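The values are calculated or read from the model by the stated rules, or taken from the named source; none is laboratory data. Small disclaimer: the values here were computed from a predicted structure and weren't measured. Positions of Cβ are backbone-derived with ideal geometry, glycine not excepted, and every protein chain shown enters the neighbour counts. Side chains are part of the model used for accessible areas, which takes the heavy atoms of the whole protein and leaves out ligands, DNA and RNA. Shrake-Rupley method; radii C 1.70, N 1.55, O 1.52, S 1.80 Å.
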Amino acid sequence: MIQKKWKIIISVLTLVFIAIVGVRTAAENKDKKFVSVATASTGGTYYPIGVGMANIWSSHLKGEKIQASGQSSAGSIENIELLREGEAQLAILQGLISSQAYAGDGSFEGKRYEDLRTISMLWPNVEHFVLMNNKIESGTIDDIKGTQFSVGPQASGTEQSTVVMMEGLELTKKDISPEYLGYSDTVSAMRDGRLDGGSLPAGIPISAVTDMYASNVKASILEVTDEQLDAINAVSDSWYRYVIPGGTYPRIDEDINTIAQPNLLSTTKEMDEETVYVLTKTLYENLDEMYEVHSSAKEMTLETALDGVSVPLHAGAYRYFKEAGLDIPENLIPPEAK
């Protein structure tokens, strides 16, 4: 009987304790602003960079009661829907997907997202069209015509962006013998003589391309002319000039003129200006911490924050970049600020 009473007393005390903790937690969280960053799968680059940014914000903005977290997802296309549905406040997006969503074309035909806004370019996806030397004529990406060429895994962002770039060159998959391989498999197939080349976009240096040169595969990275860049951007305004510095890859001392597509930090115009201003300011004032998160984050600088951006800035980011002295193109000024 006594034992039973004690069990009841302990149960009651436990419930009281839980209630007290719950009330305290609710009180502490009452004025907190929770910010979720939609990224991609945990095995890629988006996820660690998103989590890294969230940790920096949470650490430095305790006084402003901002609590941020990274959220895994299926990537850019799903991230647009997470923003649209209010299930994420920020998202990392591939530049092409951002442009298509804002314009309502490509994957978003009939589903235009006019409320999409950009905070900053984070790091570039540098286009590497690699091709066996015996197939190279002009040395530019036109040379892929008539070759056995990997456009990236099926339904991947690589495939989608490669097809758009080919459209700018007035090429389709019918003009090549398409394969659908990952980066390492592409280089292995080239080494074995089963493939002429492939599209390998990523932050530099790409390990598969380093391996291609280091293992003496007789292949090169094709260049992109200004005319080709203009033609590609006429299809989707998502790319900008990028020069791969000499020395990036083994035995390649000359600069390589290619293009890059930005990976963007994006939000919706519904986010309040002050919060986005503080997030942007804190990010750029603590880049040294971002550089420790991932090698790709080392590409982040204030000077490149607007590279490749085509969707208007959020009012908060616009305010910060104006204060920082950046020259902001007319098309990036948020409609809300005009």
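Data for the structure
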item: Only one of 184, 161 that is in a helix (DSSP H, G or I), over 23 Å from residue 236 (Cα atoms), within 24 Å of the chain's Cα centre (by Cα) and at pLDDT below 95; result: 184
item: Residue among 293, 278, 311 that alone is at pLDDT 95 or above, under 20 Å from residue 66 (Cβ atoms) and either surrounded by fewer than 21 Cβ atoms within 10 Å (Cβ to Cβ) or not basic (Lys, Arg) (or both); result: 278
item: Those residues of segment 36-54 which are modelled with pLDDT under 95, in a helix (DSSP H, G or I) and more than 19 Å from residue 268 (Cβ to Cβ), in sequence order; result: 47, 48, 49
item: Of all residues making up segment 247-306, the number that are touching a strand residue (DSSP E or B) at 6+ places or on another chain (Cβ under 7 Å) and not in a helix (DSSP H, G or I); result: 18
item: Residues being of a type outside the set (Lys, Arg) and free of Cβ contacts under 8 Å to residues at least 40 places away in the same chain - total across segment 56-67; result: 4
item: Near pairs, Cβ below 7 angstrom, 6+ apart or cross-chain, from segment 84-97 (free of Cβ contacts under 8 Å to residues at least 40 places away in the same chain and closer than 27 Å to residue 165 by Cα) to any residue that is aromatic (Phe, Trp, Tyr) and surrounded by fewer than 24 Cβ atoms within 10 Å (Cβ to Cβ); result: none
item: Residues located in segment 307-338, provided they are in contact (Cβ under 8 Å) with a residue 12 or more places away in the chain, in a loop (DSSP other than H, G, I, E, B) and among the acidic types (Asp, Glu); result: 307
item: Residue match in segment 322-330 (condition: within 21 Å of residue 97 (Cβ to Cβ) and either at pLDDT 95 or above or out of contact with any Asp or Glu (no Cβ under 7 Å at 6 or more places or on another chain) (or both)); result: yes
item: Residue satisfying condition, being open to solvent by 50 Å² or more (accessible area, probe 1.4 Å) and closer than 23 Å to residue 237 by Cβ, within set 179, 167; result: 167
item: Any hit, segment 118-129, residues being at pLDDT 95 or above, among the hydroxyl-bearing types (Ser, Thr, Tyr) and under 30 Å from residue 337 (Cβ atoms); result: yes
item: Residue match in segment 114-130 (condition: open to solvent by 50 Å² or more (accessible area, probe 1.4 Å) and over 30 Å from residue 326 (Cα atoms)); result: no
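Residue-by-condition table, conditions (1) closer than 20 Å to residue 248 by Cα; (2) open to solvent by 60 Å² or more (accessible area, probe 1.4 Å):
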position: 158; (1), (2): no, no
position: 161; (1), (2): no, no
position: 194; (1), (2): no, yes
position: 217; (1), (2): yes, no
